[in-house]
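Following: one structure in structure tokens, then a few remarks.
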Amino acid sequence: MPGAAQTFSPPSRFHAGSLAVVKNYFQRREFSFTLRDDVYVRYQSFNSPQELEKEMQKMNPYKIDVGAVYSHRPSQRNTVHMGAFHAQEKELVFDIDMTDYNDVRRCCSSAEICSKCWILMTIAIRVIDRALMEDFGVKHRLWVYSGRRGVHCWVCDDSVRKWSSAMRAATVEYLTLVKGGSETVKKVNLTDPIHPFISNSLSLVEPYFEQYALVGQDILGSSESWEKVVALVPEYILWLLLREFPKKHDSIQRWELLKKKMEKCKPCHAEWEIMLQYCFPRLDINVSRGVSHLLKSPFSVHPKTGRVSVPIDLRKLDQFDPFAVPTISCLCSELDMAHEEEDGEKENEAEPEPRRRTRDYKKTSLAPYVRVFEQFVEEMDKSRKGELLKRSDLQGDF
């Protein structure tokens, strides 16, 4: 939509493509534009966020992807010696897509989502975010709604951005419990002793399991659905459950029966394995592993839904509604109404254009999401200044 980039862009220092704003490497950051008719323009770079904004207004891209920080400016890659141009660092990113859960969803399929299956994204954020903070010591994580059927996570700590592909792949492997393709029946296999990551994750999954699996998906509601579940338990328990399940009234009663039977065959962990297979996060290792991999910029507009890819406030995670986020048409309407109210005010008419443009998004439903992003960047800036001060004190450089 012409002019949308100018109207709704947050202030320049908060441009999504410049997540690590303090470092002076914006010029070596790759940006990619997807234009009309799926024309894909890669390896673009800019001298400043303002120059990027002008190019967005000129090109009017349908989608903006953010890539790595390279050894040279991406736009000048053809002017350097072969092999000299390479990706040096990038945020560690995670892409969690609802289509990867199709085997454990009954409410929706493919790109469709609803409030029943969105719980899976809430669980994924809780599990992965806890592990990043407590197991890896990560501080700066930005979670973003993709605009359609999933969520992205940007890990922006200085040390993490320098991780190799091998370290990124190892992190995804650590965070992965559900393994196997469509032909694999049992995708989670636990052994003693249970790793702390698994027990900590179970404590986060369990509060959502009844709401998601037993009520929302009704996984034990019919013989067709419960046969998939009992296939995950030991065979001698399986036949007992198949005989007694029809006597129970609903999924909740049948789950209580399953748990009772499982208590008699410890150290089997089938109860936990079922919970994890149905609810545990499913990560795309290829997105996270590649340092040069591109990921859609926060605040992009999804071309299929019109929804803005907004940051998620983790303090209000359970209340986040993907259907309530602003759409581009809604934002334009809100802005038109705000400008109509200002038309008769002379002081606003005389106000300098740059100042009015900066404040435009604050007049719309996008404002609280921009504030989440601002707080994230401010916290990262504060942390980096603290680290610099600490180093200065240690070196006696006053």
Over the chain, what percent of the accessible surface lies on carbon and sulfur atoms, probe 1.4 Å?
50 percent
Taking amide H positions as placed in the peptide plane 1.01 Å from N, state which residues far from LEU35 in sequence (5 or more) or on other chains have amide H under 5 Å from it.
TYR40, VAL41, TYR62
How large is the accessible surface of LEU177 in square angstrom, using a 1.4 angstrom probe and rounding to the nearest 10?
30 Å²
Please report, in debye to the nearest 20, how large the charge dipole of the chain is about its Cα centre when each Lys and Arg carries +1 at its beta carbon and each Asp and Glu carries -1 there.
920 debye
Starting at the first residue of region 116-121, write each ³J(HN,Hα) from the Karplus equation 6.51 cos²θ - 1.76 cosθ + 1.60 with θ = phi - 60°, in whole Hz, x for Gly and Pro.
5, 8, 4, 3, 4, 5
Using θ = phi - 60° and the Karplus curve 6.51 cos²θ - 1.76 cosθ + 1.60, what whole-Hz ³J(HN,Hα) does each residue of region 325-339 get, with Gly and Pro shown as x?
6, x, 9, 5, 5, 5, 5, 5, 5, 4, 5, 4, 5, 5, 6
Based on Cβ point charges of +1 for Lys and Arg and -1 for Asp and Glu, what charge dipole magnitude is obtained for region 178-289 about its Cα centre, in debye rounded to the nearest 20?
180 debye
Hz values of 3J(HN,Hα) by residue in region 217-229 - Karplus curve (6.51, -1.76, 1.60), Gly and Pro given as x
9, 6, 5, 10, x, 8, 4, 4, 7, 6, 5, 5, 6
Skip the ligands, DNA and RNA, and give the accessible area per residue of region 142-222 with a 1.4 Å probe, whole Å².
42 Å²
As I understand it, the dipole of the chain uses +1 on the Cβ of Lys and Arg and -1 on the Cβ of Asp and Glu, about the Cα centre. Which of SER45, PRO298, PRO234 lies farthest toward its positive end?
PRO234
State which entries of LYS54/LYS385; LYS63/LYS362; LYS228/LYS259; LYS186/LYS248; LYS90/LYS187; LYS54/LYS304 exceed 27 angstrom in Cα-Cα distance in the structure shown.
LYS54/LYS385; LYS90/LYS187
Spin-label zone in region 250-270 - amide nitrogen under 11 Å from a point set 7 Å from the Cα of LYS228 along the C-beta vector:
none
Taking the Cβ-Cβ separation of TYR174 and MET82 as r and a Förster radius of 25 Å, what is the calculated FRET efficiency to the nearest 0.05?
0.10
How many angstrom separate the Cα center of region 278-302 from the Cα center of region 240-274?
36 Å
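The values are calculated or read from the model by the stated rules, or taken from the named source; none is laboratory data. Fair warning: this is a prediction, and the values are worked out from it, not measured in the lab. Cβ: placed from backbone, ideal geometry, glycine included. Neighbour counts: every protein chain shown. What goes into the accessible areas is simple: the full protein's heavy atoms, side chains included, and nothing from ligands, DNA or RNA. Shrake-Rupley method; radii C 1.70, N 1.55, O 1.52, S 1.80 Å.
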